[in-house]
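Structure, as structure tokens:
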Amino acid sequence: MSAGRRPVSRRTQGWLLLAQVAIVLPLSNHCTPWTLAILGLCLLWRLGIFFGRVARPPRWLVNLLGLGALVTLGLVVSQVGVLAALINLLVLAYGLKTIEIRHHGDLTVVVLTGFFLIALHMLDRYGPGTAVHLVVMVVLNTQVLLSVYRPGPLLAVPSLAIKMVLMSLPLALLLFLLVPRIGPLWQMHGSQVARTGLTDSLALGQIAQLGRSGALAFRASFDGPLPEPESLYWRAVVMDEFDGQVWRASDPQTGPMAPPTPGGQPYQLLVEPSHQPWLPTLNRSYSADPRVGALTDQRLIWALPPAARQQLALTWSAPLAEPGPLDGAERLRLLALPSEGNPRARDWAWSLTRAYDAPQQRIAAVLQEFRQAPYRYTLSPPALGHDQIDSFLFDTRAGFCGHYASALVFLARAAGIPARMVAGYQGGDPSPDGTLLTVYQFNAHAWVEVHIEGLGWVRVDPTAAVAPERVEQGPEAALGAEPAFLADARSPLMRWREVTALRALQSWMTQLDYRWSQWVLGFDQRRQADLWQQWFGRVTLWHLGVALAAAVALVALVQAWLTGLWRWPRPRPAPLRSYDRMVRLMRRHHLAPHPGEAPLHFARRIGQQRPDLAPALQAYVERFHALRYAPKPDTDARALAEALSHLQQHLERPQGAGFTPVRSSASRT
């Protein structure tokens, strides 16, 4: 039976089960429920085969399951996307092929498919934990193949697989540093739902859903001390159109990017993929990066929505007054309200107009009402009536930041003050060393910007009037006691952040992930070119080719040395070198030993052919054995050399001449 047709051993089946669980489990978030059901059935069937409880399924059943999966994927491909559908298809093929493995040829197909699935883990997972998981998966998948050719106990440590993978890491590092970076050949586009959770429309209370999420939004590091919490308003979306139920963003207008003012503070963003164009930045931020552009409302946007983590360098300037007036059309647009609805709010705004001449006084009166009246800041507000603003302001008086921002914009416009709503993030978790700020989805926030003649756009946060601890200390201080806060967080470290040890562990892991993103994921074309410049000076393709070839050769030599495939040639011992000279000498006289002939047998045979050489050759062989094999040789290399010299003299004499014995070292003394 050929090697490829041999049945798969139980030990190999066990390693295959471990490899499958490690490879497929993290991909479950890409799989449809039907795919997960079939995959679970395949794993259970494989487990039954391993314990000898069930036999391999009939081929018609495997084909039926595959056909059903294909039909289901065809029906939902428009919902999940082409890429997710292809991942589902590959996972299904991996699971179904596993339960019909009959011999080593089938096993090889499954293992190679497993390596391809391992690569898919890097589509949306980037951290150092992912790198460790990838190494573990490669070790397990390699061990599946090695178990075919290296028999052993079922639970034996896969030492050879670990050794092989670890020895390949230096080569992977060299390829990472020296292979030229190229732009992505394709982009992985997600669904239309923003992964950041922010959208360009907002209904009252909608942003409260983000308070349930512990997903990462972005990280920021500053050159210098972190700004005060009151300055950490990360603007992302500006919404200036209201239909009575939902606020929406108007079509953005591109404009010139305001240059940084002297004394601006540089900072860097590491932004998670959002598949959306908006970029959360501090007010009046500037970036020379060609990947971003500016809008007339002082926001920055991505030229292409990011499908992977992005690093960006910016400069934040202190807010400056913008006293320029609004033109007539823009002012009317920012005062527009639906013609009907919310009569009580309109009456309050009209009373404010009669009571106060200055716009600032009207806004201050609303904020004072928020402070003094029994308004409540909560993630779980009661349902609102048809006139949502009236219902919130005068009935429920409980809401999240979106409620208060929406109500203030409505009141400001009704009172003749141009206003707009801004959605983004506020605050962030500082690292223990004060150099890094981590912003999560629960930091999502909404506030108001009003236009005051002579001052320009002024930020007003009504949430700070109702729950000042939200701005000063973060959302946990204001909402930590509510069951809905972080209810959808996946990580236990996020759900139990109130535990000091777990919070410290999460902070340490956040910093590790940030450094990984900086030095590994952020190793782009520019940083690679800078590294080459430091190493090689003027960089050409020739230099890179030579360096890469030399590096690969060096790593290959080290790996060959560690695996025992190659060793430095050791010098032959002195007795063997002397024996080689004796063999060459005898060969010149047509008396060479036979292949594999032992020295004593050779001396005995030559003594029969040439009795005149027998004493000299026998004396040489005895000294060779004494020096080569004796535990404590009683002769030295000089005596062996003298014996060889005497043998050469006898070879050069005519046959029949007498024998001159070799004197020992003792006789010379």
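The values are calculated or read from the model by the stated rules, or taken from the named source; none is laboratory data. In this text, all values refer to a predicted model and were calculated from it rather than measured experimentally. Positions of Cβ are backbone-derived with ideal geometry, glycine not excepted, and every protein chain shown enters the neighbour counts. Surface accessibility is based on the protein's heavy atoms, side chains included, excluding ligands, DNA and RNA. Shrake-Rupley method; radii C 1.70, N 1.55, O 1.52, S 1.80 Å.
Local charge sum around Arg46 (other residues, Cβ-Cβ under 15 Å, Lys/Arg +1, Asp/Glu -1)?
Details: positive: Arg10, Arg11, Arg53, Arg56, Lys97, Arg102; negative: Glu100, Asp106.
Net of charged neighbours comes to +4.
With every protein chain left in place, what is the accessible area per residue of the chain in square angstrom, probe 1.4 Å?
Numbers: 34210 Å² over 669 residues.
On a per-residue basis, 51 Å².
Would you kindly find the accessible area of Ser159, with a 1.4 Å probe and non-protein molecules such as ligands, DNA and RNA excluded, rounding to the nearest 10 Å²?
80
Between the DSSP loop rule and a limit of at most 16 other Cβ atoms within 10 Å, which GluC sites (Glu not before Pro) in the range 288-378 are left? Each step should come with its number before you reach the end.
Details: sites: Glu330, Glu340, Glu369; in loops: Glu340.
For GluC sites (Glu not before Pro) across the range 288-378 that sit outside H, G, I, E and B with at most 16 neighbouring Cβ atoms in 10 Å, the list reads Glu340.
Starting from 0.36 nm per residue, how many nanometres of slack lie between Glu340 and Leu505 once their C-alpha separation is accounted for? Walk me through the intermediate numbers first.
Numbers: separation 165, 0.36 × 165 = 59.40 nm, distance 5.33 nm.
Length gained between Glu340 and Leu505: 54.1 nm.
Between Asp636 and Ala560, what is the label-to-label distance in nm when each label sits 7 Å out along the Cα-to-Cβ direction?
Roughly 4.0 nm, to one decimal.
Go ahead and run the numbers for FRET between Thr296 and Ala119, Cβ-Cβ distance against an R0 of 56 Å, rounding to 0.05.
Values: r = 43 Å, r/R0 = 0.77.
Here the calculated transfer efficiency is 0.85.
Pick out, in residue order, every one of the trypsin sites (Lys or Arg not before Pro) in the range 66-149 that is DSSP loop and has at most 16 other C-beta atoms within 10 Å; say none if there are none. Write out the running numbers ahead of the final one.
On the way: sites: Lys97, Arg102, Arg125; in loops: Arg102, Arg125.
Passing sites in the range 66-149 are Arg102, Arg125.
For the full complex of protein chains and a 1.4 angstrom probe, list Asp580, Asp297 by accessible area with the highest value first. Show your work: numbers first, answer last.
Values: Asp580 50, Asp297 25 Å².
Putting Asp580, Asp297 in descending order of accessible area: Asp580, Asp297.
DSSP loop (so not H, G, I, E, B), at most 12 other Cβ within 10 Å: list which trypsin sites (Lys or Arg not before Pro) in the range 1-63 pass both filters. Intermediate results must be reported in sequence, preceding the final value.
Values: sites: Arg5, Arg10, Arg11, Arg46, Arg53, Arg59; in loops: Arg53.
In loop regions of the range 1-63 (DSSP not H, G, I, E or B), the sparsely surrounded trypsin sites (Lys or Arg not before Pro) are Arg53.
Along Cα→Cβ, 7 Å out, is where each label goes; now give me the distance between the ones at Ala93 and Phe50 in nm to one decimal.
Modelled inter-label distance: 2.5 nm.
Could you give the length gained on full extension between Asp223 and Lys163, defined as 0.36 nm per residue of separation minus the Cα-Cα distance, in nm?
On the way: separation 60, 0.36 × 60 = 21.60 nm, distance 4.23 nm.
Gain on stretching Asp223 to Lys163: 17.4 nm.
With each label point set 7 Å from Cα along the Cα-Cβ vector, what nm distance links Asp612 and Arg570?
Label at Asp612, label at Arg570, 4.2 nm between them.
If you average the alpha carbon positions of the range 614-630 and of the range 65-132, how far apart do those two centres end up, in angstrom?
Computed from Cα coordinates, the inter-centre distance equals 70 Å.
Given the whole protein assembly as supplied and a 1.4 Å probe, what does the accessible area of Asp429 come to in Å², nearest 10?
Roughly 30 Å² of Asp429 is accessible to a 1.4 Å probe.
Restricting to DSSP H runs of at least four residues, report the calculated mean residue ellipticity at 222 nm for the chain, -39500 (n - 2.57) per run over all residues, nearest 500 deg cm²/dmol.
My calculation for the chain gives -15000 deg cm²/dmol from helical runs alone.
Given DSSP loops and a limit of at most 15 other Cβ atoms within 10 Å, what is the longest stretch of the chain that contains no such chymotrypsin sites (Phe, Trp or Tyr not before Pro)? Please list the in-between numbers first.
On the way: sites that count: Phe51, Trp186, Tyr356, Trp496, Phe523, Trp566, Tyr629, Phe659.
Counting at most 15 other Cβ atoms within 10 Å as exposed, the longest clean stretch of the chain is 187-355.
Solvent-accessible area of Val138, probe 1.4 Å, all protein chains present, reported in Å² to the nearest ten, please.
It works out to around 40 Å².
Give the ranking of Asp200, Asp387 by solvent-accessible surface, highest area first, calculated with a 1.4 Å probe. Display every interim value, and only then the final one.
Working: Asp200 80, Asp387 50 Å².
So the residues, ranked largest to smallest area, are Asp200, Asp387.
So what is the relative contact order of the chain, in percent, for Cα pairs below 8 Å that sit 6 or more residues apart?
Numbers: 933 pairs, mean separation 81.9, N = 669.
In percent, rounded to a whole number, it is 12.
Kindly sort Glu597, Glu472 by accessible area of their heavy atoms, largest first, with the probe set to 1.4 Å. Display every interim value, and only then the final one.
On the way: Glu597 40, Glu472 105 Å².
Heavy-atom accessible area, descending, gives Glu472, Glu597.
For the chain, give the percent of accessible area contributed by carbon and sulfur heavy atoms, probe 1.4 Å, rounded to a whole number. Each step should come with its number before you reach the end.
On the way: 21030 of 34210 Å².
The C+S portion of the solvent-accessible surface of the chain is 61 percent.
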